[in-house]
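As structure tokens, the structure follows; a few thoughts come after it.
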Amino acid sequence: MEYTKQGRRNRTLIIIWTIFVIAFIYLPVICDALSSISKGRYFMFPIKKFSLDWWSKTANSIEISSLVSNSLLIAFVVTILSTVIAFCGALAFARFSWKGKKLFQKIILLPVFFPQPVLGLALLLWFNAIGINLSWQTAVFAHLVWITPVVTLVIAIQVYGFDPTLEDAARDLGATPFQIFYRITLPLLWPGVWSGMLFAFLLSWGNFPLSLYTTGVDNTVPKWLYSKMVAGYTPMVPTLGTMSTLGAAGLMLVGALTVYMMHRRQGRA
Amino acid sequence: MISSKNEVTQNVAEEIKPGQPLLDLVNVCRDFDKVKVIKNVNLVVKKNEFFTLVGPSGSGKTTILKMLAGMDQPTSGDIVLGSKSISTLPPDKRPTCMVFQFLALFPHMTVGQNIEFPMRVKGMRAEDCIAKAQKLLDLVHLPEDYYNKNVMKCSGGERQRVAIARALAYDSEIILFDEPLSAIDAKLRKTLQKELKDLHRRSGKTFIYITHSLEEAMFMSDRVGVLCKGELKQVGTPEEIYAHPVSRFVAEFIGDVNIFPIRVKPTGGWGSTDFPGQLFKVEPHGDDLEGYIIVRPEALKLVKEGTQVDNVIECKVLNQFSLGSRSQFQLACGKKEITLELPRSEVDLNSVGKTIKIGWNAHDAIFVTE
């Protein structure tokens, strides 16, 4: 009897705690979403009238479509480049040993721990010093400095778990290096590569501190949100914020579904 | 046969007649960081035979297998296929295929895709690949519907069969086995050993197998090579190696033995430090003045009144173990421990603690110098 009572109490506490944590994490995002569908210019409780006007205005804004294009372009290029660099780096870390490997590993991963505004400022000073004009390309470079180490870590986890005997077996069975790569190595490392790509895209898409210093005249979504919060607030700010969050969540969902489908195809789901 | 880059060496191997030397290892050495791992190994493997290299961990079995497969190269010496040196050829240009210790099945592929892999990478037509894969499934006693089964959902024994079928699909003349049964439970291992032996006969391929299990080597092989610390100590049929080991190491490795150091006494006859004051009859004498005699537990006899044996010693029975149809005794003669094995019918059930006489004939003991 006592035991059941205690069990019930524990369960109630767990439920309360879970609700609290979920509310803590998601309430700001929900407020943002509510604000975007409120007719009023400023977000206030209770919401008097709901409307999708701001969604329509945001979707039709030329300015916003331009900065979404910039953000997408930067995120896309960063995803491709960082994944290629990280894939090669992860393979080099996991497969080969050379003198100074551990030191090199630490130096490569160090930018992850740099405060991003400091890194952004350093890159800005450097670009100025060597006479490079700031644009989306410089932002790509800045993002790569911070994101590539993260993607390397993500892919390296998969590479460390990969059994190199499988490549030996494929070679022994007559496969060429290219056949080994696309029939054995890549399919088995693909979940790690895919996760790395998603990380790269989302980290670049939502990056503000590095973009603030390095995009120049090419505005991005996070930078625009910040500038409009500082001066010239419009309900398009929470609307674009909500769109951006939903887009990222959608991408995560597609990513997770893709991994699930891959595993199912391989019969491992 | 699959048209492949190893066509030249495969043709060389195919031209050799069964029973003729196929692979010849000539003074093969392999050093790792100045440590000699393989020392002057000379070995001939004949076509169509089931040859097993047996030895304890670290004896260099896998290194030799890797050199045969082309995954490693000798530091010196040569590996010759027929009359063609293959020491420097990569794996895909040799008529060999390896079944790895942990099988190395591709986990993202089905059973059928695993078996088809060597055919697909050589560009064989899809329908031919499927037909051959299904024939191989049948050959290794796997049901036809396993073709689409995920290989990771197969049991240990089934995976083993898939790995062998994949190696057979490559259609190489020689199949190398790197202790593939080591991770399988004893009962299934026995079944797979029988199947492997049977498969060897039906496939007509040359099998080179490595294992640390003496029992496995004796059970399956036509000939066995015993390796110790990178040296090939003895090569022969399982019976030869069991009956005529060339050294203490081989004798000890191939089952229970009693070993006594022995030397010619200045006064004549052979004496052993294990049995002071006693003289033994030893065969053959030769010119060696000292060595060891090796007596298998089953070569020892219980000496009763009227039993005629060349050598007799007195021992105390310390322990008695039942082996089913036979019984094993742990005996003590002074400080020397001796193992005796007798048929159940000859056994006195209450012999522990008693003093008994045992003996052996000179021709039942083996004299070795090292």
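Residues in the stretch A:186-203 include none that are in contact (Cβ under 8 Å) with a residue 40 or more places away in the chain and not in a helix (DSSP H, G or I). Might you check whether a residue that is modelled with pLDDT under 90, out of contact with any strand residue (DSSP E or B) (no Cβ under 7 Å at 6 or more places or on another chain), open to solvent by 60 Å² or more (accessible area, probe 1.4 Å) and within 11 Å of chain A (Cβ to nearest Cβ) occurs anywhere in the stretch B:99-109? Within the stretch B:99-109 (the criterion being modelled with pLDDT under 90, out of contact with any strand residue (DSSP E or B) (no Cβ under 7 Å at 6 or more places or on another chain), open to solvent by 60 Å² or more (accessible area, probe 1.4 Å) and within 11 Å of chain A (Cβ to nearest Cβ)), the answer is yes, since at least one residue qualifies.
Selection of the stretch A:219-255 for residues being under 30 Å from B:Gln113 (Cα atoms) and surrounded by 13 or more Cβ atoms within 10 Å (Cβ to Cβ) yields only A:Gly255. In the stretch B:54-72, what residues are crowded, with 24+ Cβ neighbours inside 10 Å and of a type in the set (Ser, Thr, Tyr)? Listed by number, the list holds a single entry, B:Ser59. B:Lys66 - would you say it is without any contact (Cβ under 8 Å) to a residue 12 or more places away in the chain and within 14 Å of another protein chain (Cβ to nearest Cβ)? Spelling it out, B:Lys66 is indeed without any contact (Cβ under 8 Å) to a residue 12 or more places away in the chain and within 14 Å of another protein chain (Cβ to nearest Cβ).
State whether one or more residues within the stretch A:167-174 are surrounded by 18 or more Cβ atoms within 10 Å (Cβ to Cβ), within 27 Å of A:Leu73 (Cα to Cα) and modelled with pLDDT of 90 or more. Taking every residue of the stretch A:167-174 in turn, none turns out to be surrounded by 18 or more Cβ atoms within 10 Å (Cβ to Cβ), within 27 Å of A:Leu73 (Cα to Cα) and modelled with pLDDT of 90 or more.
Given the options B:Asp128, B:Asp33, B:Asp92, B:Asp78, name the one that is buried (at least 16 other Cβ atoms within 10 Å of the Cβ), in the same structural domain as B:Ala183 (by TED's automatic domain parsing) and either more than 25 Å from the chain's Cα centre (by Cα) or over 23 Å from B:Pro238 (Cα atoms) (or both). Give the derivation first.
Details: B:Asp128 fails: buried (at least 16 other Cβ atoms within 10 Å of the Cβ); B:Asp33 fails: buried (at least 16 other Cβ atoms within 10 Å of the Cβ); B:Asp78 fails: buried (at least 16 other Cβ atoms within 10 Å of the Cβ).
Residue meeting the stated conditions: B:Asp92.
Within the stretch A:73-98, residues that are open to solvent by 80 Å² or more (accessible area, probe 1.4 Å) reach partners that are assigned to a helix (DSSP H, G or I) with beta carbons closer than 6 Å, at six or more positions or on different chains, in the pairs A:Ile85/A:Thr148. Pairs are defined by a Cβ separation below 8 Å, a sequence spacing of at least 6 or placement on different chains, a first member in the stretch B:1-27 that is part of a strand (DSSP E or B), and a second member that is at pLDDT below 85 and open to solvent by less than 30 Å² (accessible area, probe 1.4 Å); the pairs so defined are B:Leu22/B:Ala13; B:Leu22/B:Ile16.
Filter the stretch B:131-142 for residues that are under 23 Å from B:Thr206 (Cβ atoms) and open to solvent by 60 Å² or more (accessible area, probe 1.4 Å); which is nearest to the other protein chains (Cβ to nearest Cβ)? The selected residue is B:Lys135. Among the residues of the stretch A:109-135, those identified as open to solvent by 70 Å² or more (accessible area, probe 1.4 Å) and either in a helix (DSSP H, G or I) or in contact with a strand residue (DSSP E or B) (Cβ under 9 Å, 6 or more places away or on another chain) (or both) are A:Leu110, A:Phe113, A:Val118, A:Leu121, A:Leu125, A:Trp126, A:Asn128, A:Ala129. Number of residues in the stretch B:165-183 that are away from chain A (no Cβ under 11 Å) and among the aromatic types (Phe, Trp, Tyr) equals 1.
Please go through the stretch B:202-217 and pick out each residue that is among the small types (Gly, Ala, Ser), open to solvent by 10 Å² or more (accessible area, probe 1.4 Å) and more than 18 Å from B:Ala165 (Cβ to Cβ).
Restricting attention to the stretch B:202-217, the residues satisfying the condition of being among the small types (Gly, Ala, Ser) are B:203-204, B:213, B:217.
Of the ones still in play, those that are also open to solvent by 10 Å² or more (accessible area, probe 1.4 Å) are B:203-204, B:213.
Residue satisfying the conditions is B:Ser213 alone.
Do we have any residue at all in the stretch A:150-164 that's without any contact (Cβ under 8 Å) to a residue 12 or more places away in the chain, within 14 Å of chain B (Cβ to nearest Cβ) and either more than 30 Å from B:Asp171 (Cα to Cα) or not in a helix (DSSP H, G or I) (or both)?
Yes: the stretch A:150-164 contains one or more residues that are without any contact (Cβ under 8 Å) to a residue 12 or more places away in the chain, within 14 Å of chain B (Cβ to nearest Cβ) and either more than 30 Å from B:Asp171 (Cα to Cα) or not in a helix (DSSP H, G or I) (or both).
Of the candidates B:Leu188, B:Leu232, B:Leu192, B:Leu227, the single residue that is surrounded by 15 or more Cβ atoms within 10 Å (Cβ to Cβ) and at pLDDT below 90 is B:Leu192. Return yes or no: is A:Leu73 in contact with a Lys or Arg (Cβ under 9 Å, 6 or more places away or on another chain), assigned to a helix (DSSP H, G or I) and under 17 Å from A:Gly216 (Cα atoms)? Answer is no for this residue. Of the residues in the stretch B:143-152, not one is surrounded by 19 or more Cβ atoms within 10 Å (Cβ to Cβ), of a type in the set (S, T, N, Q) and within 14 Å of another protein chain (Cβ to nearest Cβ). Out of B:Glu240, B:Glu290, B:Glu252, one residue alone is surrounded by 14 or more Cβ atoms within 10 Å (Cβ to Cβ) and either on the phi < 0 side of the Ramachandran plot or not assigned by TED's automatic domain parsing to the domain that holds B:Phe329 (or both). It is B:Glu240. Among the residues here, B:Glu116 does not qualify as closer than 28 Å to B:Val151 by Cα, out of contact with any Gly (no Cβ under 7 Å at 6 or more places or on another chain) and either of a type in the set (A, V, I, L, M, F, W, C) or open to solvent by 30 Å² or more (accessible area, probe 1.4 Å) (or both).
Taking the stated definitions as given, is B:Val45 away from chain A (no Cβ under 14 Å), at negative phi and not in a helix (DSSP H, G or I)? Before the answer, list the steps.
Values: away from chain A (no Cβ under 14 Å): yes; at negative phi: yes; not in a helix (DSSP H, G or I): yes.
Here the answer is yes, as B:Val45 does meet what is asked.
Scanning the stretch B:131-146 for residues that are in a loop (DSSP other than H, G, I, E, B) and more than 28 Å from the chain's Cα centre (by Cα) yields a single hit, B:Pro143.
What's the total number of residues in the stretch B:110-119 that are facing chain A (nearest Cβ under 8 Å), part of a helix (DSSP H, G or I) and without any contact (Cβ under 8 Å) to a residue 60 or more places away in the chain? So that I can check it myself, show each step before the final result.
Of the residues in the stretch B:110-119, the ones facing chain A (nearest Cβ under 8 Å) are B:110, B:117-118.
This time we only want the ones that are part of a helix (DSSP H, G or I), so: B:117-118.
Filter once more, so that each one left must be without any contact (Cβ under 8 Å) to a residue 60 or more places away in the chain: B:117.
Count: 1.
Could you say whether any residue in the stretch A:170-182 is away from chain B (no Cβ under 14 Å) and either in a helix (DSSP H, G or I) or in contact (Cβ under 8 Å) with a residue 40 or more places away in the chain (or both)?
If we filter the stretch A:170-182 for residues that are away from chain B (no Cβ under 14 Å), which is where we start, we get none.
No, because not a single residue in the stretch A:170-182 is away from chain B (no Cβ under 14 Å) and either in a helix (DSSP H, G or I) or in contact (Cβ under 8 Å) with a residue 40 or more places away in the chain (or both).
Within the stretch A:201-213, which residues are under 21 Å from A:Val151 (Cα atoms) and not aliphatic (A, V, I, L, M)? Of everything in the stretch A:201-213, those that are under 21 Å from A:Val151 (Cα atoms) and not aliphatic (A, V, I, L, M) turn out to be A:Phe201, A:Ser204, A:Trp205, A:Gly206, A:Asn207, A:Phe208, A:Pro209, A:Ser211.
The values are calculated or read from the model by the stated rules, or taken from the named source; none is laboratory data. Nothing here was measured: the structure is a model prediction, and the numbers come from that model. Heads up, the Cβs are rebuilt from the backbone with ideal geometry, glycines too, and the neighbour counts pull from every protein chain shown. Just the protein is used for accessible areas: all its heavy atoms, side chains included, with ligands, DNA and RNA removed. Shrake-Rupley method; radii C 1.70, N 1.55, O 1.52, S 1.80 Å.
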